[in-house]
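Novice: Could you have a look at this structure, given as structure tokens, before my questions?
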Amino acid sequence: MASIGDDIQTRWWDLERKLMDRFGKKPDLESILFLIGLQETGFVQEKISKEQKQDLMHVAICSILMSSGFYLIEGKDGDGWPHFKQLKNLPVMDLIEQEIFLKDHVLLYFDNNQF
């Protein structure tokens with residue numbers, strides 16, 4: 001009997017393979033969130049600070065969770081960075097549930113953006 005997690009895992013492996021083909025190395029969840037943050041902000045800089053990386057990942061998480069109504073984009077600041085409003089609280093989850101939850105939303109993001 002297959003579970004929902006099995007379907008997500010299969011689709012996740014497929015996404016990892018596509019990204020590996022494109023970038024030459026296997027990405028983890030954090031790397032994929034970082035890429036989504038770059039995509040959403042258009043941020044390009046040779047050296048990215050730890051704080052900027054965290055900001056990019058925050059943008060990614062807000063962006064991927066918009067599809068489930070957790071966040072709404074309020075606008076962009078003077079530097080073109082999006083700002084979000086949290087519309088509802090995230091469910092309480094353990095680490096494994098959080099990872100599945102985020103992976104599911106990452107997959108939805110890539111489906112919605114025709115990757």
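The rows are residues; the columns are (1) of a type outside the set (S, T, N, Q); (2) exposed (fewer than 15 other Cβ atoms within 10 Å of the Cβ); (3) under 12 Å from the mean Cα position of the chain (by Cα).
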site	(1), (2), (3)
Pro27	yes, no, no
Leu38	yes, no, yes
Gly42	yes, yes, no
Gln45	no, yes, no
Leu90	yes, yes, no
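Novice: Additional query: Just to be sure I understand, how many residues within region 76-88 are at pLDDT below 95 and exposed (fewer than 11 other Cβ atoms within 10 Å of the Cβ)?
Specialist: 4
Novice: What are the residues in region 92-103 that are loosely packed, with under 13 Cβ neighbours inside 10 Å and either within 16 Å of the chain's Cα centre (by Cα) or under 23 Å from Arg11 (Cα atoms) (or both), if any?
Specialist: Met93, Asp94, Leu95, Ile96, Glu97
Novice: Suppose we filter region 74-93 for residues that are without any contact (Cβ under 8 Å) to a residue 24 or more places away in the chain, under 24 Å from Ser31 (Cα atoms) and touching a Lys or Arg at 6+ places or on another chain (Cβ under 8 Å); how many remain?
Specialist: Total meeting the criteria: 1.
Novice: Just name the residue that is nearest to Pro91 (Cα to Cα) out of those in region 47-74 that are surrounded by 11 or more Cβ atoms within 10 Å (Cβ to Cβ) and among the polar types (S, T, N, Q).
Specialist: Filtering first and then ranking leaves Ser68.
The values are calculated or read from the model by the stated rules, or taken from the named source; none is laboratory data. Quick caveat: nothing in here was measured; it's all calculated off a predicted structure. Ideal geometry is used to build each Cβ from the backbone, glycine not excepted, and the neighbour counts take in all protein chains shown.
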